[in-house]
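Note sheet for the following structure.
Bear in mind that the values in this text are calculations on the coordinates, not laboratory data. Only a predicted model underlies this, so the values are computations on that prediction, with no experimental measurement involved. Note that we place each Cβ from the backbone using ideal geometry, even for glycine, and neighbour counts take in every protein chain shown.
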Amino acid sequence: MNDDIVREKNWVPFRKAGPYIFVSGIVGTKSDGTISTDPVEQVEDAYANLAQVLDQAGAKMEDLVMLTQWYADRIYIPEALRLRHESFTMPFPASMGICSELSHRLYMIELEGIAYLK
């Protein structure tokens, strides 16, 4: 079965529940569906996608109260941390990083988070 078909039918980028927005499965794909093999570019694309999904949900990056970064390899952590620090101001979201095999062999990072709308 084609992975894209499964993803399209079973995955939504966010779900609202009261004042909360739960975001998951945000990866570094480009708008045309391609995936950069450059770690810096892929991490930047993932954060851009996260901001876009939050915008679609009516939120902003500063509304995130929790952020989990899933890494395919530890080598991607420094770039992801740099971008995380550049993307947020105080108060920072609580965050956690996990190294694990991701859902596609080309993914280097995947993001999930919880936003709270006041």
At 222 nm, what helix-only mean residue ellipticity would the chain give, in deg cm²/dmol to the nearest 500, using -39500 (n - 2.57) for each DSSP H run of four or more?
-10000 deg cm²/dmol
How much of the DSSP beta bridge set in the chain is antiparallel, as a percent to the nearest 5?
75
5 Å is the cut-off here: which amide hydrogens, built 1.01 Å from N in the peptide plane, fall below it relative to residue 26, excluding neighbours closer than 5 in sequence?
111
Return the aspartates and glutamates within reach of residue 30: Cα separation strictly under 13 angstrom, same-chain partners fewer than 8 residues apart disregarded; answer none if there are no such residues.
38, 41, 44, 45
Starting from the exponent 0.38 and prefactor 2.2 Å, build the expected Rg for the range 3-116 from its residue count and divide its actual Cα Rg by it.
1.00
Given a Förster distance of 22 Å, the FRET efficiency implied by the Cβ-Cβ spacing of residue 11 and residue 89, rounded to the nearest 0.05, works out to 0.15
